[in-house]
Every structure is written in C-alpha cells, then in structure tokens.
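What follows is one structure encoded as structure tokens, with my remarks underneath.
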Protein chains: 4
Amino acid sequence: MLIVLHHSASAKDVAAIKKIITKMGLKPVAIPGAERTAIGVIGNQGWVDDSPLRGNKAIQEIIHVTKPYKLVSRDIHPRDTVVGLGNGVKVGGKAPFLVIAGPCAVESRDQLMKTAVFLKKAGVPLMRGGAYKPRTSPHSFQGLREGGLELLDEVRKETGLLVVTEVVSPEHVELVAEMVDVLQIGARNMQNFDLLTEVGKTRKPVILKRGLSATVEEWFGSAEYILVGGNPDVILCERGIRTFETATRNTADLAIIPLVKKMTHLPVIFDPSHATGKRDLVLPTALAAVVVGAHGVMVETHPAPEHALSDGPQSLHFREFEKLLAQVRSLTDFRKRKLMDA
Amino acid sequence: MLIVLHHSASAKDVAAIKKIITKMGLKPVAIPGAERTAIGVIGNQGWVDDSPLRGNKAIQEIIHVTKPYKLVSRDIHPRDTVVGLGNGVKVGGKAPFLVIAGPCAVESRDQLMKTAVFLKKAGVPLMRGGAYKPRTSPHSFQGLREGGLELLDEVRKETGLLVVTEVVSPEHVELVAEMVDVLQIGARNMQNFDLLTEVGKTRKPVILKRGLSATVEEWFGSAEYILVGGNPDVILCERGIRTFETATRNTADLAIIPLVKKMTHLPVIFDPSHATGKRDLVLPTALAAVVVGAHGVMVETHPAPEHALSDGPQSLHFREFEKLLAQVRSLTDFRKRKLMDA
Amino acid sequence: MLIVLHHSASAKDVAAIKKIITKMGLKPVAIPGAERTAIGVIGNQGWVDDSPLRGNKAIQEIIHVTKPYKLVSRDIHPRDTVVGLGNGVKVGGKAPFLVIAGPCAVESRDQLMKTAVFLKKAGVPLMRGGAYKPRTSPHSFQGLREGGLELLDEVRKETGLLVVTEVVSPEHVELVAEMVDVLQIGARNMQNFDLLTEVGKTRKPVILKRGLSATVEEWFGSAEYILVGGNPDVILCERGIRTFETATRNTADLAIIPLVKKMTHLPVIFDPSHATGKRDLVLPTALAAVVVGAHGVMVETHPAPEHALSDGPQSLHFREFEKLLAQVRSLTDFRKRKLMDA
Amino acid sequence: MLIVLHHSASAKDVAAIKKIITKMGLKPVAIPGAERTAIGVIGNQGWVDDSPLRGNKAIQEIIHVTKPYKLVSRDIHPRDTVVGLGNGVKVGGKAPFLVIAGPCAVESRDQLMKTAVFLKKAGVPLMRGGAYKPRTSPHSFQGLREGGLELLDEVRKETGLLVVTEVVSPEHVELVAEMVDVLQIGARNMQNFDLLTEVGKTRKPVILKRGLSATVEEWFGSAEYILVGGNPDVILCERGIRTFETATRNTADLAIIPLVKKMTHLPVIFDPSHATGKRDLVLPTALAAVVVGAHGVMVETHPAPEHALSDGPQSLHFREFEKLLAQVRSLTDFRKRKLMDA
C-alpha cells in the first residue's frame, strides 16, 4: 500500500500517519519527494483494510498494491483451473473449446425439445435456457420459473444434454442446483452478494456474467465470493459492457479476455448474443472470441427467433447456428495448430 | 409504435409487415419517404410487445412511442405522489424537504445510538443505517445483518426516530419490513426483480436507488415492478452514475432530477455521499439538489468517520453535518420564497 | 513516482530497475511486500518522464505522484487567478458571479443586435455568439465565419458589450483575437493542441471547454498548453460529459466544479445549455452551478429559439433568460451571505 | 421524420405543427395513438433540418429516419469503395488485408530507417510514423514536426515504402500531403471540421480514426465532411473507445467493424495498439480484427520500445511484430478459404 500525502502535509502529519500504520501492525517507509511525500506500507500478508487511514486530511490518495481477490488471482493459484461440467465435459486450460447454446428463455416443452434435439445432433454438450427471466419491465414475459425448471429437467433426462440456467434469488439456489448441471449468475445480479454466497455453498459449476458496468476488479470480487464459499468452479463470462455507443446493444469487450486470462486461473467464455444484440454480429464476434483465446462461447439459438418471447433479434436460426458451429470448430482447430498460445 | 424499414425493403415486405400488425390487433399506417418507408402502428392501448416484428429482415428499427412504465408515468397519474413515512413525516409534492442521515453501516450499539441521539436533537426525522452491506470484496466488512436490524429497532424505539435500511434478499423482506419504517433497494440491486416484487408486496415505503449504469427508463421499469405489486410508495434516489471520470467516485447526475420530476409523479431524492465519494463535495452537491428541485437528500454521517468500517471518506463528521443541515434548511426556505417552482 | 513490480519479479529485475532509475538521475527506494515489491522513486523536481521504464517486463504498474500540469495546479500557484475580461469585468476568486449569454450561432445582424440590446439592458457584460460552428454533419449550418466576426465586432462597438466567440483553427486565432474580447475553445477542440498553443500566444482570455469525454487531468493538460505559452488567463468551462444516459444531451458534471476549484487556481464556469440540451433544465442547473461554487455561467438565449439555426431546443427565450438572470442574481447574493464559502 | 407529441398536446397543437411542416414544403401524416399522437413527415428528398419544429412545447421527441450522411451510406453508394494508396497497394472490398506498421512517433533518422528496412523486408507496404504528436501534456515529447516529415520523405524515397502520418492543423495539410502518401486524422481531431474540410480538398487517401467517445453516426458525419469536399478516399479506423473500464487503455470496439461494413461502403481498419494500450493484447486483437472482417490493421512497432518517446508500452518489438504478421497472414488466408464472407 502506498499513501500519497498532500503538498501541504506537515512533518507532524507524517509522524501521525506513521503511528497509525504501526498500530495496524505494519511498517511505514517514508518516500520524500520534491513536492509531496509518500509513505510506503510494508509487512502485510495480503490486502490491507485502509479504514483507519481514510478520511485523514493530510492524505491525498491511498494506492493498494495487493488486490482484494486473492483466490481469483494467479498470484496464489498460478495454474489454470479446468472446470468439469458433467458427462466428461470440461472448460478452461487446455480443454476443448466449449460451445453452449439454446434459447434465451424456456417458453414451452415443444420449443425446448426441438432445440435440445437439434443441439444434441449438432454435438453441443451444454444447453442454455432461462426459466427465471430478469426483464426491465414487469409487463414483459417473466419466464416460466419453476415450470421452466421442470421442462429443463425433463429435456435433459430425455436427451442426455447438460443444462445451464440462470438463478436469480438465493432462495431458489437449492432447487435450481438440483435440477440443472450448471448455474448462471446474470449480469444484473453480478453484485447480488447473497446470491453469490448461496451458489458458493453448492458444488455446481457457476457461469458468472460480467455486470453491465463492472470493472475487471469488481468482476473478480464477485468471483471471490463464490470461491470463498468453497465452490472452486467459477467460469467467467464476458457479455458486453454499457458504453455511450447505442448502435450495438452493448460493447463487446473482447480485449479483456486475454487480459483476464493473465490475471486469473479461472476459465473465461464469451456471450456474443448479449454483447452485440444483433443477429448479424453474433458469428463474427464468436469467431473473434476464439482467436483472442476465450475458453468457450454461449450463443442464443431458437427454432423461430421471430416468435421468441425475448431476445429474438439476437437469436440465431438453427441453420445460422450450424454455420457458426462449423466455423467456430474450424477456426478453433486452426488456432490450435497455427496461432499464438495466448 | 413506428417501424422504420430498410432502404431495400420491397412492396411485398411492406405488405407482409402490415399483415403481422393487423394480426396483432393493431392498425398499420404506411408513411412512404424518399429513401425508405416507415409504418406507423395505431390502436394500441398501452405498450406493445414487438416480438412478432423483431428479427424481420426488412425492418431497420422499431421505435416505441408508448413507454413500458405506465404506472410510473405522469400520463396516467399526473399529480405528485406524496409518500407518508410515519410520525406524520412525508416526502414528495409540496411536503417539506426531507433530510435523511446516518452511518453507512450499523457497526455497534454505541455508534448507532450516538448518531441517533445527535440526529434526533438536530431534528432529522429519518435515520439511515445499513445492516446488510453489499461490498465488492468478501474480505470487507459485510454488516451485522440480523444483529444490525435489532440495533436499529432498539434505537428507533428508544429515540422515536424513523429508520431506513437496505434489504438485499427477497427472503429478508418480511423481517426487515417489520423492523424498520422504510426499505431501501441499493444501486446494485436495482434490477434484482425478485427483490422488487417482494418489496412490492409490503406496505412500507421503498427508496429505490438508481443503478450504477441505469438509464432513466430502466430505473422507471424497476419502480414499475414495485407499483405493479400494489405498493404505491416508491421514492426514487439519484446516487451518481458510473462514467469514464474517476476523479469522483461516481458522476452526480443532478440534471436528471428536474427531468425525472416532469416524467413521473414519484418523489425524487439525492444521495450526495455516494454520488461524489468525497466528504468535501457532499455539502455543495446537497445544496445543488435543493435548487434543482429534489424532494430530499440522504447523507452519510458518522461519529468518527476515520474509524468507519465502510464509506469513511464520504461520511461527514457531526459538526460538518450540522453545517450542511443549517445550509440546506436555509436554502430550502430561500428557494420556496424566491426561486422557480420547477 | 512508484513502480509496482510483478509478483514474479526477481531480485535481478529489482536491481536492473534500480540501475535505470539511478541513470535517470533519481533515487530508488525499494518497498518489499509480502506478495510483490514496489520501488519508490525520489529526488525529482517535478513530473518524471517514465519512458525508460515502460515496457519493462518486470513492472506491473507505474504510478505518478507528481502530476503533469504544474502551472495549472495549486501546488505552485496556491492563490485564485482572477481574469480580467475588459471594461473592468472580472471572473474568478472573489469577483462577482459572471453571466455570459447569447445565441449559439451568429445568424444575422438583426438577430445579433436584438440580442445585444436585450443583454445590455439586462446588465449582462459579455455576449457569446458563434461565428465558426463545428457541426456533426457538413449538411448543417456551418456559421457565417468571417462575416460573423464582423457582425460581432460591429455589435460590440455599437453596444459596448464584451464579446466571446469560438476559434476553431490555429490560422484564425490572430484575426479572431483582434475582433473579440474573449476566445473560446470548444469541447471538440479541447485537445487540438496546435490551436491551444496558438491561443497561448495571444493576450486574450480563453474559455476552455471540457472535452466530451475528457478527464479532469486531460482538461488540465490542455489548460497547461495555454499557460505554458505565456497566456495566464484561462477560464475552465464544464459543459457536460458523454455517458450512457441519453435522456439528456450530456451529463452535467456539477460535482466536478468544487473539486476542480480545490485543484486549480483558475476560474471555473458552467454551461447549462450544452450540459443538458433541454430548455427546461437550463434554469435549475444554472442555479445548481451557483451553489456548487462556479464563478459564472454561459447560457444560450435567442430572440426566437424555434427559428434558431442551431441549438434551438436548449436556447432560452428572452423572458425565460430574464427569469434565470433574476434568480441567479438572487441566489448568488443569498449564497454570499448564507452558504458555505466552498 | 417522425414527431412524437406530448400526452397533453391538443388538437390545436397538432394543427399548428402540421402547418409548420407544410410550410417547410413537406407533408404531415397524423398517427393518432391511445395515449399520444405522432405525426409522420413525408416528401423529403434527404435529411430534414428540424429547426422550425424544435423548441415546440407540444413536441416530446423528433425522430429522424433519414440519416445526415448521405455520401457515406450504402443507400446511395451500395458497392464497396476500394482505396488505392500508391504502388498498386489497395484497401477495401476484396483487396488483400492491409497491414500498416511503424513507430508511434518519428524520433530520429536511425530509428525510422531501421524500422523502414525491417518493414520493407517483411513485406509491409505502408509505414506509419508521427511527425506531429498530439500529447495530453505540453511537457511530453511533441514530435519532430517538419523535421519528422523530412525524415519520412527521405526514408520513403530510399526504401520505396509508402508512408502515412497524422496531420493536426489545416495549415499543414498542403505540406503534409506533398510529403506522404496517406494522411491520418487522429482520434482527438475527428471533429476538427476545418481540418476535415482541408483534407477533403486533397487527393490523398485519408485514414480517419474514430474519436474517443464518438458514436458511429458522428464518425460517419466526419467522413461525410471529407467526401463532400470531393475526396472519396476515406479509410475508417476503429481504435478503441473510452469507457468506465481502466484495465485497458481504451475498449476495443471490434463488433462495430462488421456493423459499420453493413452501413457504409468505405474500408474499415483496426488499430490494436491504441485500442488496448498493452503490448500483450496487440496480437490477439489484431487477429480478432481479421475474423470480424476488418480490411486491415495499423500496428505500432519500434526497434526498442523500452526507449520509445511515446507509446512504448503498446509498441511491439520487431520479433513480436514478425510473429503478428505471420499469424495475421496465416489467418487471413484461412478466413478467405473457410470462414464467413461477412
């Protein structure tokens, strides 16, 4: 930790701050400069709670060197985490590139079964489908909720597909964890800390979507909640961030993927459907995710997107999804042979 | 609703779209232009679900004229809502400017009681204090939770102050609603729709903070969830938005307050502590809130901010809060006599 | 300057970096931590160019303590700068609150003269009016350019009003500086460094608008260009920043004003017209600027906003401007007597 | 154009607005709705200046259907523009993927010649190098300016490489256009309209970088300035946008590339160096640009990035650049054979 003092800080201020640091069980090292003094703090074994120092009039800025997400960081856990999803399917590290697909929302048995049969045949191991739908307006379709879970369970048993669904409330976690193979935390719930704590208690893998305006540090903080709870199987999912640009639904932050991979051992996947909000942009950005080194993609597909109850404009027709799958596979293979190992 | 077609849309496309609109029970009106055609849709009694039209290749853009927050809008409810908080205290419309104050977090009986006694004496009717604390890192102080609620209840009974606290999980709503006078939904939970639905079932007033990157429309969508549930007592709270600027913790969006007042009948208050994150900026922005027409402010104050377990740098010392209170009262009074009735 | 090393940095890396620092004529101080080492750099007399260190594989982050805007900062120049504009009119420090008003663009002699006569009578000392208009589309009105300057000069001579206009190109600076009393650098040109350098050579006061997505540090960097050139008379103007929120044209960053006043000695004014883009929001935000401590406001007014060639929706009718002026004066006076001296 | 009226608009308001539209030579079509009326405007041959309507109290919103960038749009010019750069090198449409490389700034004859010889040998046709450097602080290296141009000219004559450099001031355009093959407009000057107008008068191709917070519409507006001036050879360059995320220098908006290609016929390239600001992210994002369909990339490389006078942390060593070039070529080839023709 580094403490930068104001230009006007006196020798007395410096002494007082050093005393506080010593009281905290740490060691202060003054770094006098031409215009202002800084104080380095050493001796900490991890992140330091700076509350005894904040609010001090002589301090201009407190800079943390140790980050508040120990378990997520490669500092402590340098090797890639590979998450097992069931049926021998894995994601992360050197595991094969994972494609997750399915409708935004579970709408009916027919819609879900059609999709499942299609995906099964296409060789997609994990189907997505929302039972609980967080929607901006209460007047929009809210999902089939428990009924949706049952349909997922039914289809999963019948086809042998793995299934992932979003959980939106701590009190549903137990039930949802019984019915599906992988839990998803949506962007709007990335900082729903009670929910994170609850999924941290399960032993189901968790796809943790990045919040609409979450920094990497906040995203990691949320993953830390799950890891701290004892669940090591977190899969980060970049799904676009909110910016001033309205030409796309969100701004796909593809560059963050290789950066995140350097910082954390957890797998990172990409959701091109929400990141762009436009059907035509799903394929190119899914391919981009492959080359920047994502461990997988999660794509919305629907038997009839024009009749979808949510996210129709960003859902692929099956034939479009087939094209995507073929190109993703082809590119993944090419990347492994010819491109950087980033 | 207006549907703008692509330049390349054919007469056949136009006919097909008109047919879909007719099927939806509405009436299409073509508006041919020099470069592209638009189709106006009339006959709707409220917001139209556009899913049958989205994903249509001939459509460039769908523009909604009716907004998806009927109950929040002044269209249906033109007159100001005045929310009663208990003890005859009210907020909104022509009710006196409301000052809410207290610590970020409930830390101890001593800290809370000191604050309560101070506020009571200062004439502040409603005390804030977080029992459940949503924190970016699991390694930070998480609040006293149920223990915090009990302290709030105790202090409230002893001093007669009204109390507001944040509720973070649907399953806590019932308990929290019993223990405090006003519920708060935090910025990170603004789109925790199950939580909104749950507070919509209570009869306690709800302070709904704007999300970190929530548009006005999304904020209203969240308020609509509470109103739809049957709870009419929503108080909107602007608390700063996330932007590229890091010199302040958030960017205080003060101009939104008079705009929001034109669009909705609900009361709107301002939180200068979170909006700025810096103690020195709390007073000037609180005063700004008065002149732009906010119905109140919610301010963090603490007996010893330098020892606060959270938000110390933005919490006021009691003597600073006294200054703020005096100036806010003085300015509120001046505004009523001399400034615009915006 | 503080250099934070990677977790993996070796003792050899530390030694190599210390050597580079010594070569730069500075002194390294190692600050070993539990997880990583930092190196403090001392002995610098101002901002340090860190290029010899950047790109070093062992370095995680370089943190500058001294800021790259020496002349703008209060560190070197602690007392308020008061800028004289002519006719005894001043802005900054304890000078009276300055109101600048006028049309977005100079459109005709009649339009300008009507406005000037009105402002003169109202007691506004400084009129704005754009001769060169930076417009997003080349198909929009581009301003009368040199013809506009002549009208400004004529009206100014006839009425005795001071005049400010935007300069958009280095080659115009000499001419514009002859024709008007105050130069303006628009938001889109805040980082047009050749233009800044050129206005730095004049002896005319310069209103420097904040860029659409400029941080405070970048804004100060631009002001530094003008000060370095020998022109000390820079007036900073906050005019709203670009954010995800589209309900207002920009987001008025009012909280930045008291913050900026702590950091720099230069005067800071506010432009409520561009900051909000909506006529109804001009008055409340102008008043907010008074209470947060701005040294003045710059407001668009037009004899017939509905016929204005640019910015009509945010321009005030004369009667609306009169109301604004009366309330601003009343509030300014009240603030001086009753509110904080922030 | 569509005009949405307020809920409270009267029949008289509607009549008055219709009259204004008729006066503008256009035809109004009323679209009455349940809650509010809209008026469609037809008969326009292109973008309509809405100034006579703005500021009207009865109007809630004016929605433009025709966009203000006719020449940039595919509406008028459906086929891809292929820009010739000299020496038979082309960019856009089906032309081979273009790699531009070189140092951020021209620093010395030795540095530039070393780079040129390296690039020539590597088969890169076009070298970048900044003579005029727009820097946030006046205390940073400002470029060799005219001296830099002479070095570029010398090296270009000696090696036969094409050369691109940034032009920052209208008065330099003539000189720069004589000395180099391609002009560049930097992000900070994207809305320096006098500069755009000046380069519009030359017959040199122009790389137009997207502004830090420019929407696609504003970017197109700037390109329109150049096209309107008679210069058809504009190459758009995405270089990252400013967002709340500070982990990367900017946020690479890769998804915008396929979207922009649908909207305009102009070539679009990507600058991975500025978009990310981190050496390690240049390669993966350059590859991503290939798969999303960019027509080229512009990459910073330097003989000794650790001694670069600007942008060292994002400049590649020659061996890193060779790896990038090999992988880009390999992927480009693969894409042509196997991936979508987006």
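Average the reciprocal distances over every distinct pair of alpha-carbons in segment C:144-219, invert the result, and give the Kirkwood radius in Å.
On the way: mean 1/r = 0.0777 Å⁻¹.
Kirkwood radius, segment C:144-219: 12.9 Å.
Working from the pairwise distances between different alpha carbons, so that the mean of 1/r is found and then inverted, what is segment D:140-282's Kirkwood radius in Å?
Computed over segment D:140-282, the radius equals 15.8 Å.
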ask   = Dipole size in debye (nearest 20) for segment D:220-342 around its Cα centre, Lys and Arg Cβ +1, Asp and Glu Cβ -1?
value = 440
ask   = By DSSP, what percent of the beta bridges with both residues in segment B:1-145 are antiparallel, rounded to the nearest 5?
value = 85
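Cβ neighbours within 10 Å, averaged per peptide: list C:263-269, A:236-242, C:153-159 in order, most packed at the top. Write out the running numbers ahead of the final one.
Values: C:263-269: 23.6, A:236-242: 25.9, C:153-159: 16.3.
Descending packing order for the listed peptides: A:236-242, C:263-269, C:153-159.
Once the convex hull of the alpha carbons of segment B:185-266 is built, what does its volume come to per residue, in cubic angstrom? Walk me through the numbers before you get to the answer.
Values: hull volume 6.6 nm³, N = 82.
So the per-residue hull volume is 80 Å³.
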note = So, over other residues within a Cβ distance under 12 Å of D:V216, counting Lys, Arg +1 and Asp, Glu -1, the net charge is -1
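For peptide D:165-177, what's the mean number of Cβ atoms from other chains within 10 Å of each residue's Cβ? All intermediate terms of the calculation are to be shown ahead of the outcome.
Details: counts 0, 0, 0, 6, 9, 6, 4, 2, 0, 0, 0, 0, 0.
Neighbouring Cβ atoms belonging to other protein chains average 2 per residue here.
Hey, what did segment D:188-342 get for relative contact order, percent, Cα under 8 Å, at least 6 apart? All intermediate terms of the calculation are to be shown ahead of the outcome.
Numbers: 256 pairs, mean separation 25.3, N = 155.
Taking the mean separation of contacting Cα pairs over the length of segment D:188-342, I get 16 percent.
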inquiry  = Between A:V299, A:V282, A:V117, where does the largest GNM mean-square fluctuation fall for chain A, given springs only between Cα atoms within less than 10 Å?
reply    = A:V117
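Among C:L26, A:L2, rank each residue by its count of other Cβ atoms within 10 Å, from fewest to most, as a rough exposure measure. Can you show the working numbers first?
On the way: C:L26 14, A:L2 21.
Listing C:L26, A:L2 from fewest to most nearby Cβ atoms yields C:L26, A:L2.
Taking every DSSP beta bridge with both residues inside the protein assembly as shown, roughly what % is antiparallel (nearest 5)?
Values: 72 of 180 bridges.
Given both bridge residues lie in the protein assembly as shown, the antiparallel proportion sits at roughly 40 percent.
Could you work out the equivalent-ellipsoid semi-axes for segment D:54-96, taking the square root of 5 times each eigenvalue of the Cα gyration tensor, largest first, in whole Å?
Working: eigenvalues 326, 20, 9 Å².
Value: 40, 10, 7 Å, ordered largest first.
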query = In whole angstrom, how long is each semi-axis of the equivalent ellipsoid of segment D:83-127, when you take the square root of 5 times every eigenvalue of its Cα gyration tensor and sort them from largest down?
reply = 23, 10, 8
inquiry  = With +1 on the Cβ of every Lys and Arg and -1 on the Cβ of every Asp and Glu, and nothing else charged, how large is the dipole of the protein assembly as shown about its Cα centre, in debye rounded to the nearest 20?
reply    = 0
query = Regarding segment C:225-342, what are the three Cα extents along the principal axes, ordered largest first, in Å?
reply = 41, 36, 30
query = Say we join alpha carbon atoms closer than 10 Å with springs in a Gaussian network model of chain A; which of A:V124, A:V29, A:V182 then has the biggest fluctuation?
reply = A:V29
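Can you give the calculated 222 nm mean residue ellipticity of the protein assembly as shown, where each DSSP H run of n ≥ 4 adds -39,500 (n - 2.57) and the sum is split over every residue, rounded to the nearest 500 deg cm²/dmol? If you can, show how the numbers build up before the last one.
Working: 40 runs with 472 residues, N = 1368.
Rounded to the nearest 500, it is -10500 deg cm²/dmol.
Would you mind estimating how fast segment A:108-164 diffuses translationally, via Stokes-Einstein at 4 °C and 1.567 mPa s with the Kirkwood radius over Cα pairs, in µm²/s? Please list the in-between numbers first.
On the way: Rh = 11.8 Å.
Stokes-Einstein gives a translational diffusion coefficient of 110 µm²/s.
Taking the Cα centre of segment B:168-214 as origin, work out the dipole magnitude from +1 charges on Lys and Arg Cβ and -1 charges on Asp and Glu Cβ, in debye rounded to 20. Intermediate values should be presented prior to the final figure.
Details: 6 positive and 6 negative charges, 59 e Å.
Value, rounded to 20: 280 debye.
Work out which helices of chain B, taken as complete DSSP H runs, extend at least 24 Å along their axis over the Cα atoms and score a mean Kyte-Doolittle of -1.0 or more, then list them. Don't jump to the answer; show the numbers that get you there.
On the way: long enough: B:318-338 (29 Å, -0.92).
Length and hydropathy pass: B:318-338.
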query = For the rotation that brings chain D onto chain C, whose beta-carbon in chain D is nearest the axis, and what is that distance in whole angstrom?
reply = D:S213, 2
query = Tally Lys and Arg at +1 and Asp and Glu at -1 over the other residues with C-beta under 10 Å from the C-beta of D:G230: what net charge comes out?
reply = +2
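Using the Kirkwood radius over C-alpha pairs as Rh, can you work out the diffusion coefficient of segment C:51-166 via Stokes-Einstein at 37 °C, viscosity 0.692 mPa s, in µm² per second? All intermediate terms of the calculation are to be shown ahead of the outcome.
Numbers: Rh = 17.7 Å.
The diffusion coefficient I find is 186 µm²/s.
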ask   = How crowded by other chains is D:269-278, given as the mean number of beta carbons from other chains within 10 Å of each beta carbon?
value = 1
task = Please give the per residue volume of the convex hull enclosing the alpha carbon atoms of segment C:1-122, rounded to a whole number of Å³.
result = 207
note = quick note, chain B, DSSP beta bridge pairs, % antiparallel (nearest 5) is 40
key: Distance histogram for segment C:282-342 (every C-alpha pair counted, 10 angstrom bins, percent rounded to whole numbers)   = 23, 45, 23, 8, 0
query = GNM, chain D, Cα, under 10 Å: largest mean-square fluctuation among D:V199, D:V216, D:V106?
reply = D:V216
remark   = Computed from every Cα-Cα pair in segment D:228-286, P(r) in 5 Å bins starting at 0 and rounded to whole percents is 4, 18, 24, 21, 15, 10, 5, 2, 0
key: Cubic angstrom per residue, convex hull over Cα atoms of chain B   = 164
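How long are the semi-axes of the equivalent ellipsoid of segment C:267-310, defined as square roots of 5 times the Cα gyration tensor eigenvalues? Whole Å, largest first.
Details: eigenvalues 93, 21, 11 Å².
Whole-Å semi-axes of the equivalent ellipsoid: 22, 10, 8.
Can you bin the protein assembly as shown into rounded, prolate or oblate? Criterion: square roots of the alpha carbon gyration tensor eigenvalues sorted a ≥ b ≥ c, rounded for a/c under 1.5, prolate for a/b above b/c, oblate for the rest.
Because its axes are fairly even, with a/c under 1.5, the protein assembly as shown counts as rounded.
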query = Put +1 on the Cβ of each Lys and Arg and -1 on the Cβ of each Asp and Glu in segment D:242-341; which of D:L331, D:A252, D:A308 then has its Cα farthest toward the positive end of the dipole?
reply = D:L331
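Take the cross-link list A:K278/B:K18; B:K94/B:K261; A:K67/B:K209; B:K19/B:K57; C:K120/C:K157 and give me the ones stretching past 18 Å between alpha-carbons.
Values: A:K278/B:K18 23 Å; B:K94/B:K261 13 Å; A:K67/B:K209 28 Å; B:K19/B:K57 15 Å; C:K120/C:K157 12 Å.
The answer is A:K278/B:K18; A:K67/B:K209.
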Zone of D:D280's modelled label, taken as backbone nitrogen in segment C:57-75 under 13 Å from a point 7 Å along Cα→Cβ = C:57-61
inquiry  = At a 10 Å Cβ-Cβ cut-off, how would you order A:D80, C:D75, fewest neighbours first?
reply    = A:D80, C:D75
remark   = Given a Förster distance of 22 Å, the FRET efficiency implied by the Cβ-Cβ spacing of A:S10 and C:K262, rounded to the nearest 0.05, works out to 0.75
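Only the coordinates and a few stated rules stand behind these numbers; no lab work does. What you are looking at is a predicted structure, and each value in this text was computed from that prediction instead of being measured. Here the Cβ is made from the backbone with ideal geometry for all residues, glycine too, and neighbour counts use every protein chain on show.
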